[in-house]
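Step one of this worksheet: look at the structure below.
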Amino acid sequence: MPPDRSTPAANAATAAVAPLPAADDGKLIGIELLRFASAVAVLVFHFQHFAFVGGSQPHFVPANQPFYPALRLFYTYGFYGVQVFWCISGFIFFWKYGNVVAQRRLGGYKFFILRFSRLYPLHLATLLIVAAMQGAYFARNAAYFVYPTNDAVHFVLQLFMASNWAGQNPESFNGPIWSISIEVLVYCVFFLGLRYLSASAAVVGGIAAASALILFLKISAHPLFSCMMYFYLGCLTAILYSRVKDAPRLRAAVNIAALAAIAAVIGLQFLVAIKPIYFLLVLSPALIFLCVNHIPATKITSGLLVAAGNMTYSSYLLHVPIQLTAATLATYMHWQIPIYSRGFFLIFLAGTLLLSFYCFKFFEMPAQTYLRRRLK
């Protein structure tokens with residue numbers, strides 16, 4: 001999900017870890033906006049957690065949630081921000097790592113350290129916080145908050161980011177980590193495929209198509225194949241972008257095709273009910289291509305959008321601990337959470353994003369730098 005921001009055995013790694021050159025940064029800045037929008041969609045979708053008492057939502061009326069008419073799509077379909085994240089990750093990973101891994105200028109250990117140092121510190125911190133807070137919540141309510149399976153086995157699985165490797169496991173501890181757990185497996189497929197097969201469009205497209213067939217033919221419902229399908233669709237989008245970015249006519253043609261595809265699936269939605277999985281297969285790569293092409297990098301937009309993109313992983317892993325802490329305090333203080341209050345909604349959203357900004361700056365990046373220095 002989150003991209004790296006980070007030396008001969010470290011020259012190869014530098015190419016993969018360091019930020020893109022200024023020109024490429026300018027071209028790709030728009031993807032940060034899409035990352036941020038996907039993160040906000042998940043936050044809005046999970047706002048309903050505040051209606052939980054233990055594992056149920058007594059008397060909850062979804063349509064009464066704050067700003068419901070304006071945010072109805074997010075309240076209803078915000079969960080699918082995860083699939084958009086997977087597609088964005090594929091684009092970013094192929095853009096940054098595709099050639100250096102395929103040309104064997106970045107080894108497996110270095111690749112592992114890059115991902116481990118980026119993902120694990122915040123995951124471990126939030127896991128420990130949630131485990132402690134769930135204990136406090138259970139002591140008062142004789143039930144766990146939202147995610148019910150908080151035992152030693154699932155704690156160990158979460159400790160190794162393996163909570164959903166076996167498939168649709170019961171939800172436990174910091175629930176949203178399930179998608180990262182699956183994406184970690186795709187990172188392995190991605191690295192091995194590039195290193196031992198190739199970075200060609202044929203191979204990348206073949207993996208995407210095989211994953212889609214496994215899903216659509218119902219050979220397996222394991223979320224790994226859904227993640228691979230979207231991730232490799234993002235990789236294909238990166239290949240397409242790299243081929244047309246310096247060819248104005250081709251780029252314009254792809255822009256028109258992307259807009260037409262979006263218009264077509266939206267129009268069809270008024271005639272027939274399109275499953276979100278099909279809708280997003282068109283919408284996600286089209287939006288990625290359009291955002292990368294049409295959101296220019298200025299001093300203002302670069303600063304704002306990079307900051308917004310940096311908050312996405314933090315906000316994804318922090319919002320449930322924030323909600324759990326609030327629910328636990330409310331239980332002990334005999335306070336009813338104002339689930340339908342617009343002010344409370346704005347406080348939750350703004351507070352989560354603000355905390356995420358400072359978490360990235362003062363925890364995620366220092367921890368990442370420390371681990372990369374120690375493990376290099």
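Across the range 163-178, rounded Karplus estimates of 3J(HN,Hα) from the backbone phi angles (6.51 cos²θ - 1.76 cosθ + 1.60, θ = phi - 60°) give 4, 10, 5, 7, x, 7, 6, x, 6, 8, 6, 7, x, x, 5, 4 Hz, Gly and Pro being marked x. Annotation: the residues ILE182, ILE288, sorted from fewest to most other C-beta atoms within 10 Å of their own C-beta, follow the order ILE182, ILE288.
Here the gap between THR149 and ILE347, fully extended at 0.36 nm per residue and compared with their Cα-Cα distance, gives a gain of 68.4 nm. Close amide H partners of VAL53, meaning residues 5 or more places away or on another chain with modelled amide H under 5 Å apart, do not exist here. For HIS222, no residue 5 or more places off, or on another chain, has a built amide H under 5 Å of its own. Using 0.36 nm per residue and subtracting the Cα-Cα separation, the extra length available between ALA37 and ALA201 on full extension is 56.2 nm. Here the calculated FRET efficiency for GLN336 and ALA136, from their Cβ-Cβ distance with R0 = 22 Å, stands at 0.75, rounded to the nearest 0.05. Non-local lysine pairs in the chain, meaning eight or more places apart or on different chains, with alpha-carbon distances under 30 Å, amount to 17. A simple spin-label model places the labels of PHE60 and LEU213 4.0 nm from each other, with each point 7 Å out along Cα-to-Cβ. If R0 is 41 Å, the Cβ-Cβ spacing of ALA263 and VAL306 corresponds to a FRET efficiency of close to 0.85.
The helix-only estimate of mean residue ellipticity at 222 nm for the chain, built from DSSP H runs of length n ≥ 4 each weighted as -39500 (n - 2.57), is -24000 deg cm²/dmol after division by the residue total.
Among ARG249, ARG118, the ranking by other beta carbons within 10 Å of each residue's beta carbon, starting with the fewest, stands as ARG249, ARG118. When Rg and Dmax of the Cα atoms in Å is calculated for this entry, the matching label among (i) 19.9, 65; (ii) 25.8, 113; (iii) 20.8, 64 is (iii). Straightening the chain between ASN169 and PHE357 buys 64.6 nm, computed as 0.36 nm per residue apart minus the Cα-Cα spacing. Protection proxy ranking, highest mean first, for peptides 363-375, 274-286: 274-286, 363-375, where packing is the per-residue count of other beta-carbon atoms within 10 Å, averaged.
Bear in mind these aren't lab numbers, they're just calculated from the coordinates by the rules spelled out. All figures in this text were calculated on a predicted structure; none of them were measured in a lab. Glycine gets a Cβ as well: all are built from the backbone with ideal geometry, and neighbour counts include every protein chain shown.
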